[in-house]
Amino acid sequence: MPRTTPLRPQPVKPATLASQKRRTVLGAGATLLLSVLTPLPAHAARIVAVRVWPAEDYTRVTLENDSDLKVSHFLVKDPDRLVVDIEGVELNPTLKELVAKIQSNDPYIKQVRVGQNRPGVVRLVFDLKSAVDPQVFTLAPVGAYQHRLVFDLYPVNPPDPIEVLIAQSNAKEAAGSSSRPQAEPVHEPKPAEPRIARAKPEEPAAPQLTRMITIALDPGHGGEDPGAIGRGGSREKDVVLAIAKRLKARIEEQPNMRVMMTRDADFFVPLHVRVQKARKVQSDLFVSIHADAWVEPTARGASVFTLSEKGASSTAARWLASKENAADLIGGVNIKVHDKQLASVLLDLSTTAQINDSLKLGKAVLREIGGINRLHKPQVEQAGFAVLKAPDIPSILIETAFISNPEEEAKLTDDTYQEQMADAILTGIRKYFAKNPPLAKNRLT
């Protein structure tokens, strides 16, 4: 009977152990290589705030975020729409708030739809009320703002500013003529009075004001740029707009004056555009209205500034001009379409005459303002304010009070003080023209 040989486990050869170890190492290496080559999901940008600034000039939509965004856009007709794709961002509650921020009276946007178009891409669809010329650009962090993605929606056919002024003047005359029949019986007997000869000394003033005088009022800051903020929370852009509107109403009560405002609502206007607007309507004067601020709350008083050819008249004036000239950084200017030549408004041969006339206007206004508030400086100061660089328009910048001073902040928000300031500025303007009648120019009236 044959004997069975028992099966014995064969010892593992060293070569076999080495090959297993090699396979394990290769597998781990492959896993590591795949982890390196496989892209990790990028950190999605986060929208931290959305703001909408509707105005007749243009509507601005701002998306503030914590990193720079890549964006593309295109227009669609019938009906008019603007489609914007934002990459590297996920839809969040803050972005959804944009839908509710579109106002029914927005001149250009009917509504906006927001959705996740595909992973990592959010699509905005603006349903438009009319065709627009969009400008889409980004702004680097500045001041209290983080990165900003901006959509400026301009009308394809903006209204002509001179035509707008003429229409306003015609409406003013029509309103005045409707009330004349009641006043005519009162004035009829006057021409027959023999003492009318006494009015002869005043007659030279009448021919001097035969043409319409156009005054450009420029409420500082606006929109993304709040200007200085008082301790009580008052914003410079709000109080100066209120004063400018009161001044506009008073000027338009004058029979020979009309007003163009660089902004009549809460929206941003670049500094060079403010000058451009004044020149387009051939303004006779440019009056920029601001509220001052300083690091110490004790600073107080009103000031008037003009342009300077030879540098600032004081260190404080130089500092203030630098601060005001930085408004474009806060407000947000599209550098790609920024007209550098217009922004600088190079001083030409007429600048000396402009500065002389501006000083005369500034002195007349400063004297009147001194009657309602303490003056910060008793004389007109000068510095290189960009907004005063229209070479052919006498221009002044008025600091109505220190909004950083709690007492003066209360004044700036007070109706009575605003009315007194408007009256004082108008009186100064009238006294300036009494001594410096406007030249007879070939202007549309």
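The values are calculated or read from the model by the stated rules, or taken from the named source; none is laboratory data. Being a predicted model, the structure only gives us computed values, none of them experimental. FYI the Cβ positions are ideal-geometry reconstructions off the backbone, even for glycines, and counts take in every protein chain you see.
Before moving on, here are some points about what is shown:
- Answer from Gln103, Gln116 - the residue that is of a type outside the set (Lys, Arg) and closer than 30 Å to Ile251 by Cβ: Gln103
- Number of the exception - Ala100 against (1) surrounded by fewer than 16 Cβ atoms within 10 Å (Cβ to Cβ); (2) part of a strand (DSSP E or B): (2)
- Residue satisfying all of: in the range 143-157; in a loop (DSSP other than H, G, I, E, B) and over 18 Å from Arg81 (Cβ atoms); modelled with the highest pLDDT among these: Gln146
- Residues located in the range 79-102, provided they are without any contact (Cβ under 8 Å) to a residue 24 or more places away in the chain and within 12 Å of Asp127 (Cβ to Cβ): Val99
- Scanning the range 75-102 for residues that are within 19 Å of Tyr58 (Cβ to Cβ) and at pLDDT below 95 returns no hits.
- Within the range 362-389, the set of residues being buried (at least 23 other Cβ atoms within 10 Å of the Cβ) and not in a helix (DSSP H, G or I) comprises Glu381, Gln382, Ala383, Phe385.
- Residue under evaluation Ala167, criteria (1) outside the structural domain of Arg258 (by TED's automatic domain parsing); (2) among the small types (Gly, Ala, Ser); (3) more than 18 Å from the chain's Cα centre (by Cα), criterion not met: (1)
- Screening Leu388, Leu444, Leu426 for residues that are of a type outside the set (S, T, N, Q) and at pLDDT 90 or above leaves exactly one candidate, Leu426.
- Condition met for Leu359 (hydrophobic (A, V, I, L, M, F, W, C), modelled with pLDDT of 90 or more, surrounded by fewer than 23 Cβ atoms within 10 Å (Cβ to Cβ) and more than 14 Å from Val275 (Cβ to Cβ)): yes
- Entirely in the range 271-354, the helices (runs of 4 or more DSSP H) that have 1 or more residues that are at pLDDT 70 or above and surrounded by fewer than 19 Cβ atoms within 10 Å (Cβ to Cβ): 271-280, 315-325, 327-331
- Members of the range 118-128 that are surrounded by 13 or more Cβ atoms within 10 Å (Cβ to Cβ) and over 17 Å from Phe74 (Cβ atoms): Gly120
So that you can scan it fast, the table gives a plain yes or no per residue for (1) aliphatic (A, V, I, L, M); (2) buried (at least 17 other Cβ atoms within 10 Å of the Cβ); (3) farther than 22 Å from Lys277 by Cα:
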{"position": "Ser104", "(1), (2), (3)": "no, no, yes"}
{"position": "Lys110", "(1), (2), (3)": "no, no, yes"}
{"position": "Gln116", "(1), (2), (3)": "no, no, yes"}
{"position": "Ser130", "(1), (2), (3)": "no, no, yes"}
{"position": "Asp133", "(1), (2), (3)": "no, no, no"}
{"position": "Ala140", "(1), (2), (3)": "yes, no, yes"}
{"position": "Asp152", "(1), (2), (3)": "no, yes, no"}
{"position": "Val156", "(1), (2), (3)": "yes, no, no"}
{"position": "Ala167", "(1), (2), (3)": "yes, no, no"}
